[in-house]
């Protein structure tokens, strides 16, 4: 260590090594950071694509479900309309039948038993033929009884007409 040149050279060399190492580390960090940024951009792009696909699938699913729901609602509304139409027709038929029966009762009170009952049977609508035939058979059986009793008790006639009315209403209500 004569003049200190060796120490200065050693320190200078060490300082240069540190500077180079720091420079290499900086370059490595910047390269790595660039790669991370590129990966993040690619991942974001892929996520956008996935989100777009998922959104498209969800929209298609929703549209399909809405179509099915619309069909179901339309079908149920149509069925309800048909039921309402049938109910209105049945109510109108019952009103006609009741009116005919009232006319028959008035006629019975007036003394026209057989013709009034025939008129009531004709005025009643023939929607369900099987049920109406059964009712008609019952009324014919009651007519013969009514004729025998007609001479003795007119009140019995009214009771027989009421009995004819009740089974007819129940038979219509069941169907």
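We did not get these values from a lab; they are worked out from the coordinates using the rules stated. This one's a predicted model, so the numbers in the text were calculated from it and none came from an experiment.
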Pull out the extension gain between residue 9 and residue 93, defined as 0.36 nm times the separation in residues minus the alpha carbon to alpha carbon distance; nm, one decimal. 17.9 nm
All-pairs alpha carbon distance profile, the range 1-114, 5 Å steps from 0, percent: 2, 8, 5, 6, 5, 5, 5, 4, 5, 4, 4, 4, 4, 4, 4, 3, 3, 3, 3, 2, 2, 2, 2, 2, 2, 2, 1, 1, 1, 1, 0, 0, 0
